[in-house]
Amino acid sequence: MLQVVPLEKVITFDLHNLAIPGFFEVPVVNLSGRKVFREIFSKRITDRTVIAAVDAGSVKSSERFSEDLGGVPLVYMNKIRDLTIGKVVYKSMSESVEGKTVLIKDDLISTGNTLVEAAKFLKANGAGVIDVCATHHLYVPGAQEKLDNSPMNQIMVTDTVEPRSKSKKLKVVSVAKMIAEEISIPVSIRKAFGIDGATKAVLEKKGDKMIIKPQKSFWQLSGGMKSKIKLTDKQLRAARDSFETSWAQE
């Protein structure tokens with residue numbers, strides 16, 4: 001349905017399926033809540049901080065977040081689903097969390113069952129503070145109550161979904177600034193680099209000028225397939241010249 005609407009581009013946050021942009025004719029920009037969380041948690045990191053990947057699906061996201069925070073150690077947790085009782089069960093993890101501050105990064109919170117069981121297992125194994133950050137909180141009925149009654153110290157989410165719960169443990173941060181910044185970037189800039197949601201150019205404001213530093217290579221999604229694109233020096237110069245003449249000053 002969105003395809004028939006005269007849109008210049010679609011702005012999303014942490015798509016669950018990264019193949020989705022390939023089905024659009026217009027540019028699809030997939031922003032990430034990692035930027036907001038990085039700015040906040042980078043000030044809290046100590047030598048006792050670790051990041052826990054609570055299941056196989058969160059490994060890549062956790063590894064990227066670890067890199068964002070300067071290489072915070074990762075702990076991989078082994079989760080299985082007990083088919084007899086139908087519950088998530090944790091059996092082991094790669095490293096000790098005794099006395100550690102544990103940070104869990106996830107894309108979304110639905111029922112909260114996985115996060116609750118992970119927090120219980122971490123606490124049972126000696127974890128100290130357990131903080132969770134997730135881009136989307138779906139506010140499924142009963143989910144926040146379960147999170148409140150868990151060993152988690154804080155659950156930080158963005159406002160991509162309108163907050164529908166109040167809790168002392170819940171902290172909601174805004175992504176309005178990120179959306180405003182993306183809206184201000186002309187589509188011509190995005191199209192010149194092929195949109196897949198990755199950052200194609202570094203934009204720096206210096207005085208009354210916008211300095212644009214295109215990257216030499218980037219990943220592009222097309223038809224659901226991911227490929228790496230490299231630009232020549234000539235293409236870089238042409239793109240930079242085009243950007244500097246078409247950029248609308250604030």
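Values quoted throughout were computed directly from the atomic coordinates according to the rules given, and no laboratory measurement underlies them. This one's a predicted model, so the numbers in the text were calculated from it and none came from an experiment. FYI the Cβ positions are ideal-geometry reconstructions off the backbone, even for glycines, and counts take in every protein chain you see.
Please figure out what share of the DSSP beta bridges in the stretch 34-173 is antiparallel and state it in percent, rounded to the nearest 5.
Working: 6 of 28 bridges.
So the antiparallel bridges amount to about 20 percent of the total.
Just subtract the alpha-carbon distance of residue 12 and residue 81 from 0.36 nm times their residue separation and send over the number in nm, one decimal. Extra length available between residue 12 and residue 81 comes to 21.7 nm. Taking the stretch 42-122 as the region of interest, the number of lysine pairs whose Cα atoms are within less than 22 Å, with members eight or more places apart or on different chains, is 18.
Label separation (residue 96 vs residue 19): 4.4 nm, computed from points 7 Å beyond Cα along the C-beta direction.
For the stretch 34-173, the convex hull spanned by the alpha carbon atoms encloses 103 Å³ per residue. The simple spin-label model puts a point 7 Å past each Cα toward its Cβ; for residue 154 and residue 39 those points are separated by 1.5 nm. Residue order for 34, 164, fewest other beta carbons within 10 angstrom first, comes to 164, 34.
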